[in-house]
1. When the convex hull of the C-alpha atoms of region 27-100 is computed, what volume per residue in Å³ does it have?
2. To the nearest 0.05, what FRET efficiency results for Ser99 and Thr63 with a Förster distance of 22 Å applied to their C-beta separation?
3. Kindly list the residues of region 39-76 that lie in the label zone of Asp161, defined by a backbone N under 20 Å from the point 7 Å along the Cα-to-C-beta vector.
4. Quick one: what are the phi-derived ³J(HN,Hα) couplings along region 100-107, Karplus 6.51/-1.76/1.60 with θ = phi - 60°, whole Hz, x for glycine and proline?
5. Could you work out the relative contact order of region 30-163, using alpha carbon pairs under 8 angstrom and six or more residues apart, expressed as a whole percent?
6. Hey, fewest Cβ within 10 Å first, where do Cys58, Cys160 land in order?
7. Label points 7 Å out from Cα along the Cβ direction at Lys111 and Lys144: separation in nm?
8. Based on the Cβ-Cβ distance from Val47 to Leu77, what FRET efficiency comes out when R0 is 22 Å, to the nearest 0.05?
Amino acid sequence: MNIYKWVLVGASASTVMVMAGAATAKTVNPLAEKVRALDSRFEDVAVAKAEGYAPIPCASGLTGGAMGIHYVNAAYLKDDAVDVAKPEAVMYEPMADGSLKLIAVEYITSKGPASLEGQLFNFNTAPNRYGLGPFYELHVWAWKQNPTGAFADMNPNVSCDAMKGM
């Protein structure tokens, strides 16, 4: 009788663990999926340049992590439109070999409160380090996992260290 109870408990625990694993495997971020589908062309930084994006310096966090190098499209920044396929900035992490790896995009508008596919933007006051007026922004970490969240500003897994000495 005792062995039967332990087998039953063990089987139940295994079922719960398998179900939890399946739920985790199926959990996706629909906005990040859409961003990857529409913006993967930017994996080649030459495409970003050809579409009018220009770099600003690598942005590191005060307490660690970074956002990487933003390639910003000034025309998109001025139009205040929010379009998944036309991010105002595409973000790259500098690699030790001098290459740039696409890690995220950023949507920016001065009109708000703003949202994209149900995800609310963060509000930034002025003055700010970018020299912009007040604006709303949303980072989407579609290519590099961010343990602080898919929409967080800084990513502790990103570094600007490869820029030193360049």
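1. Working: hull volume 9.7 nm³, N = 74.
It comes to 132 Å³ per residue, whole-number rounded.
2. Details: r = 27 Å, r/R0 = 1.22.
My answer for the efficiency is 0.25.
3. Taking a point 7 Å out along Cα→Cβ of Asp161, the residues of region 39-76 whose backbone N falls under 20 Å are 58-70.
4. Per residue, the Karplus-derived 3J(HN,Hα) values read 10, 10, 4, 10, 6, 10, 9, 9 Hz.
5. Numbers: 271 pairs, mean separation 33.5, N = 134.
Worked out over region 30-163, it gives 25 percent.
6. Cys160, Cys58
7. In this crude label model, Lys111 to Lys144 measures out at 3.2 nm.
8. Computed FRET efficiency for Val47 and Leu77 comes out at 0.75.
Values quoted throughout were computed directly from the atomic coordinates according to the rules given, and no laboratory measurement underlies them. Since we're looking at a predicted model, the values are computed, not measured. Here the Cβ is made from the backbone with ideal geometry for all residues, glycine too, and neighbour counts use every protein chain on show.
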